[in-house]
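This report refers to the structure that appears directly beneath it.
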Amino acid sequence: MTDFNDRERAEEAKFARDEEMHFRVHARRNRLLGEWAAGLMGLSAVEAEGYAKGVVQADFEEAGDEDVIRKVLGDLVSAGQDVSEADVRAALETKSIEARRALMGEG
């Protein structure tokens, strides 16, 4: 019975680590996306830092990526940038890969 309990605890620990990594990847991805958008908008370093944090916070509005895409796209269009939703989605995918690589390099 101990083997079963040990296996169960190990699976629970793995699940917790996987969930934490998923959260960290998404937060890093959103920060990178915010930095990308801030660069397109010509924000200063201080403004870009604050904007990137705002993008990370926007992800907590609803499940999925739509809240982040809506925020970034809206802000870019408001700033006069000629970008499409497809451009933002492509950047989101690219930043997701960058974030995953960066976090796996830390571990």
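The values are calculated or read from the model by the stated rules, or taken from the named source; none is laboratory data. All of these numbers come straight from a predicted model, not from anything done at the bench. Ideal geometry is used to build each Cβ from the backbone, glycine not excepted, and the neighbour counts take in all protein chains shown.
Determine whether residue 31 is in a helix (DSSP H, G or I), surrounded by fewer than 16 Cβ atoms within 10 Å (Cβ to Cβ) and among the charged types (D, E, K, R). Before you say what the answer is, go through the steps one by one.
Working: in a helix (DSSP H, G or I): yes; surrounded by fewer than 16 Cβ atoms within 10 Å (Cβ to Cβ): no; among the charged types (D, E, K, R): yes.
So residue 31 fails the test.
Restricting the first residue to the stretch 8-25 and requiring it to be within 20 Å of residue 60 (Cβ to Cβ), which pairs with a second residue that is at pLDDT below 85 meet a Cβ separation below 9 Å and a spacing of at least six or different chains?
Close Cβ pairs (under 9 Å, with a partner that is at pLDDT below 85) amount to 21/107.
Would you confirm whether any residue within the stretch 87-100 is in contact (Cβ under 8 Å) with a residue 60 or more places away in the chain and out of contact with any Leu (no Cβ under 7 Å at 6 or more places or on another chain)? Walk me through it before giving the result.
Kept after step one, since they are in contact (Cβ under 8 Å) with a residue 60 or more places away in the chain, are these residues of the stretch 87-100: 92, 95-96, 98-100.
From what's left, out of contact with any Leu (no Cβ under 7 Å at 6 or more places or on another chain): 96, 100.
Yes, the stretch 87-100 contains a residue that is in contact (Cβ under 8 Å) with a residue 60 or more places away in the chain and out of contact with any Leu (no Cβ under 7 Å at 6 or more places or on another chain).
I'm checking my understanding of the structure. Among residues of the stretch 55-90 that are of a type in the set (Asp, Glu) and outside any helix (DSSP H, G or I), which one is surrounded by the most Cβ atoms within 10 Å (Cβ to Cβ)?
It comes out as 59.
Could you count how many residues in the stretch 85-107 are modelled with pLDDT under 95 and farther than 14 Å from residue 30 by Cα?
Qualifying residue count, the stretch 85-107: 5.
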